[in-house]
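Enquirer: I'd like to ask you about the structure that follows.
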Amino acid sequence: MRNTAIGATAAIAVLAGLVAAGPAPAAPVPSAGKKPARAASVHGKARISYVESIDHDIRFTVHAEQMPFTRPLPPQLPHGLPTDARGTLKISHTVPGGATGWAEARVDCLVTSGRTATLTAVVTKSHDDENGARLGISVQQGAEGEPDRLGFSWGVVNVAPEHVDEDGLLMTPQVGTCMAPAPFTTVIKGGFKVVHAEITKTVAPPEAASRRG
């Protein structure tokens with residue numbers, strides 16, 4: 001599926017602005033697992049055309065739904081993030097001659113904008129034992145006869161020249177939550193449905209709220 005190694009898991013980045021200047025009321029604690037009236041989501045499956053492997057059969061199946069504040073990240077984000085999500089990502093990559101690479105991953109983050117969705121998922125099973133790696137995927141639902149598009153966080157993107165293994169070979173840097181490139185490939189079979197919803201404000205931890213009072 002890929003020809004680069006996956007780097008070690010990086011620390012989770014904390015959203016800026018958790019502690020705002022000036023007095024402000026403490027934010028309410030969201031109910032665990034409670035979804036907004038309209039949840040962001042992306043569903044579908046498709047075969048893509050990828051310029052680096054134009055004669056390969058590469059397919060993605062995505063089922064993801066935003067579930068705000070369901071993945072606590074103590075101590076800075078004990079309630080989690082508004083972009084927390086659940087779902088599954090499946091990938092298969094068959095080369096001429098029949099050899100197939102594949103991976104299954106658990107969705108952990110989803111954010112949308114109009115007809116575009118960006119999500120990440122952590123590998124749970126794979127043909128090359130890269131369990132624990134986070135993959136970034138972007139999807140754009142086509143409009144007015146345009147094809148859908150898809151991008152992914154390996155191959156021709158996400159390369160750090162200084163990030164090499166003991167043999168001097170390039171390694172793929174760790175992907176953060178909801179981080180993915182623009183959808184740079186074209187869907188040639190199948191497609192995706194994107195439902196957009198605005199994200200809600202991040203809930204500040206209790207200690208941050210007390211410092212503002």
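Enquirer: What are the ³J(HN,Hα) couplings of region 39-51, residue after residue, when phi is run through the Karplus curve with 6.51, -1.76, 1.60 and θ = phi - 60°? Round to Hz, x for glycine and proline.
Expert: These are the phi-based 3J(HN,Hα) values: 8, 5, 7, 8, 9, x, 8, 7, 9, 10, 10, 10, 4 Hz.
Enquirer: In terms of modelled amide H atoms, which long-range or inter-chain residues lie less than 5 Å from the amide H of D148?
Expert: Those lying under 5 Å, H to H, from D148 are G142, V187.
Enquirer: Could I ask something else about it? Which loop GluC sites (Glu not before Pro) in region 114-213, with loop taken from DSSP, have no more than 11 other Cβ atoms within 10 angstrom of their Cβ?
Expert: Here the sparse-neighbourhood loop sites are E144, E162, E166, E198.
Enquirer: Right, here's the next one. Which value does Rg/Rh take for region 39-89 over its C-alpha atoms, Rh per Kirkwood?
Expert: Numbers: Rg = 16.0 Å, Rh = 13.1 Å.
We get a ratio of 1.23 for region 39-89.
Enquirer: May I pose another question? Which of the aspartates and glutamates could a cross-linker bridge to K201, judged by Cα under 14 Å and excluding same-chain residues fewer than eight apart?
Expert: D84
Enquirer: I'd like the accessible area for D55, computed on protein heavy atoms only with a 1.4 Å probe and all protein chains in place. Round to 10 Å², please.
Expert: Accessible surface of D55 is approximately 100 Å².
Enquirer: Take L169 and T100, extend 7 Å from each Cα along the Cα→Cβ direction, and tell me the distance between the two endpoints in nm.
Expert: With each label point 7 Å from Cα toward Cβ, the separation is 2.5 nm.
Enquirer: Between region 102-162 and region 40-101, how many Å separate their Cα centres?
Expert: 5
Enquirer: If each of N131 and V51 carries a label point 7 Å out from its Cα toward its Cβ, how far apart are those two points in nm?
Expert: According to this spin-label approximation, the distance is 3.7 nm.
Enquirer: If you don't mind, there's one more thing I want to ask. For region 55-145, report the % of Cα-Cα distances exceeding 19 Å.
Expert: 49
Enquirer: So if I average 1/r over every pair of distinct C-alpha atoms in region 79-213 and take the inverse, what Kirkwood radius in Å does that give?
Expert: Its Kirkwood hydrodynamic radius stands at 17.0 Å.
The values are calculated or read from the model by the stated rules, or taken from the named source; none is laboratory data. This is a predicted model, so every value here is computed, not measured. When we count neighbours, we look across all protein chains shown, and the Cβ atoms used for this are built from the backbone with ideal geometry, even at glycine. Side chains are part of the model used for accessible areas, which takes the heavy atoms of the whole protein and leaves out ligands, DNA and RNA. Shrake-Rupley method; radii C 1.70, N 1.55, O 1.52, S 1.80 Å.
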